[in-house]
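Here's the structure we're looking at; comments come further down.
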Amino acid sequence: MKNIKYLILLICFVSIHSAFAQDKNVIYQKLDTLLFHRYLESMNSKRQSPVGDLMVQTAVYLMDSPYAAKTLEVCGKNERLVVNLRQFDCVTLVESCMALVNTLKSRDQSFDNYCSKLRAIRYRNGEIKDFSSRLNYFTEWISNNQAKAKVINLTPGFGGKVLPLNLDFMSRNSDLYPAMSNPDVKSEIRISERNISQMMNFYIPKNTPVTSKIRNGDILCLTTNVQGLGISHVGIAFRLDGVLYMINASSTNQKVEITPDPFDKYLAKLPNITGYMVARPL
C-alpha cells in the first residue's frame, strides 16, 4: 500500500514538472487561459466557417479590448513567447486573431497548441532565439508567413507598385528597444534590415481602385513615409453592407474598434500613409 502511495506521488510530481517545462518559455496570466477557453466555447459552433469570416468574427469578439503598446517587452532581454488576450497593439491583435482561428479549426484546441501557433506566426520560421528572431518589420512578417503557408501576399496580384525600402528604423532608434543593448542582437537586426530591404516589395498606392477585391478577414498593412519603417499599422478587413472598413487596435482611441470611416476615407486622412499591402490568412 505504501509503495502505491509513493508511486502516485511520483506520478503527480512528474506531471507537475512536465507542465512547468512546457510553460517555462511562455509568459501569460491565468486570465489569458480563461479568455482563451471562453473564446472557444463561444466560437466552436462556427469553426467550419471560412478562415476570413472567422478572422472578422474573432476580431469582433475582441472588440473594445484595451489598446496597450509594448506588451511583448515584458520578457525583457530573455526573449520568450508572450500571450496576452487582455490587451492589444495593432500587430498582436492580428497575430492573436490568426492563432485563435488556427486553433479553433484544429483538432487540438489546447492552450499549448494555441501557444505553438502564435509562436509559429510571430517568429522567423517559428523559432525563438532572441529578440532579433521576432518578425519585427511587418514586411518580413508577410514574406515569412507566406513562406510558412500561413498567408498569401495578394499585393502584387492586385496591381501593386514596387515599394523601395531602406529599413533602418530599429537600428537608428535602438534605445527604444531594451534587447538591442546587446551588440549581437543589434547586429542581427541590422542584417535583417538589409535582407528585407533587398526583397522585392510591392504596395497599393492611396486612391488606387482595388478595394473591391479585398475580402473579409484580409490583413491590411499600411505603408508609411516615415524613414526606414515600411509598414506602420495593420488591421483586419471588414465589410459592412458591402463597404470596406478595418478592425484595428487603435492607439488614438485606445481600444480595438472598427475604423469610424470606410477604409478609403480612413487612409485619405492619414498624411504619413502612402498606401497599403494585402495579405490573406490561409
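Just so it is clear, none of the values below were taken in a lab; they were calculated from the coordinates. Because the structure is predicted, anything quoted here is derived from the model rather than measured. Because the Cβ atoms are built from the backbone with ideal geometry, glycine has one as well, and the counts that use them run over all protein chains shown.
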Just order 213-220, 195-202 by mean Cβ neighbour count inside 10 Å, highest at the front, would you? 213-220, 195-202
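Which FRET efficiency value, to the nearest 0.05, is calculated for Ala149 and Leu34 with the Förster distance at 25 angstrom and r the Cβ-Cβ distance?
Values: r = 31 Å, r/R0 = 1.24.
Once rounded, the FRET efficiency stands at 0.20.
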Residue by residue, what Karplus-based ³J(HN,Hα) values in Hz, rounded to whole numbers, does the range 193-199 have, using 6.51, -1.76 and 1.60 with θ = phi - 60° and x for Gly and Pro? 4, 5, 5, 5, 5, 7, 6
Roughly how many Å is it from the Cα centre of the range 254-282 to that of the range 68-101, as a whole number? 21 Å
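Based only on the alpha carbon positions, what is the Kirkwood hydrodynamic radius of the range 137-282, in angstrom?
On the way: mean 1/r = 0.0622 Å⁻¹.
Value: 16.1 Å, from the Cα pair sum.
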Computed ³J(HN,Hα) along the range 159-170: with the Karplus parameters 6.51/-1.76/1.60, θ = phi - 60°, integer Hz and x for glycine or proline, the list is x, x, 8, 4, 10, x, 10, 9, 6, 7, 4, 6
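Treat the chain as a sphere of radius equal to its Kirkwood radius over Cα pairs and apply Stokes-Einstein at 37 °C in a medium of 0.692 mPa s; give the translational diffusion coefficient in µm²/s, rounded to a whole number. Walk me through the numbers before you get to the answer.
On the way: Rh = 20.0 Å.
Taking Rh from Cα pairs, D becomes 164 µm²/s.
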Looking at the range 85-210, what % of the alpha carbon pairs are farther apart than 22 Å? 45 percent
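How large is the helix-only mean residue ellipticity at 222 nm for the chain, computed as the sum of -39500 (n - 2.57) over DSSP H runs with n ≥ 4, divided by its residue count, in deg cm²/dmol to the nearest 500? Write out the running numbers ahead of the final one.
Details: 9 runs with 109 residues, N = 282.
Helix-only estimate at 222 nm: -12000 deg cm²/dmol.
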First measure r as the distance between the Cβ atoms of Ser106 and Val74, then evaluate 1/(1 + (r/R0)^6) with R0 = 30 Å and state the FRET efficiency to the nearest 0.05. 0.65
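Which pairs break 26 Å Cα to Cα here: Lys186/Lys206; Lys30/Lys77; Lys30/Lys255; Lys150/Lys186; Lys213/Lys255; Lys161/Lys186? Mind showing how you got there, number by number?
Values: Lys186/Lys206 34 Å; Lys30/Lys77 23 Å; Lys30/Lys255 22 Å; Lys150/Lys186 28 Å; Lys213/Lys255 28 Å; Lys161/Lys186 31 Å.
Those over the limit are Lys186/Lys206; Lys150/Lys186; Lys213/Lys255; Lys161/Lys186.
Report the FRET efficiency, 1/(1 + (r/R0)^6), for Met200 and Val51, where r is their Cβ-Cβ distance and R0 is 45 Å, rounded to 0.05. Spell out each step's value before the answer.
Values: r = 26 Å, r/R0 = 0.58.
According to the calculation, E is roughly 0.95.
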Under the Karplus relation 6.51 cos²θ - 1.76 cosθ + 1.60, θ = phi - 60°, what is the ordered set of whole-Hz ³J(HN,Hα) values for the range 138-147, x standing for Gly and Pro? 6, 4, 6, 3, 5, 5, 6, 6, 5, 4
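Once a ≥ b ≥ c are taken as the square roots of the eigenvalues of the Cα gyration tensor of the range 206-282, is the result rounded (a/c under 1.5), prolate (a/b larger than b/c) or oblate (a/b not larger than b/c)?
Working: a/c = 1.43, a/b = 1.23, b/c = 1.16.
Verdict is rounded for the range 206-282.
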Amide proton proximity set for Gly275, modelled H, under 5 Å, gap of 5+: Lys206, Thr223
What are the residues whose amide H is under 5 Å from the amide H of Ser65, where those residues sit 5 or more places off or on another chain and H is modelled from the backbone? Val256
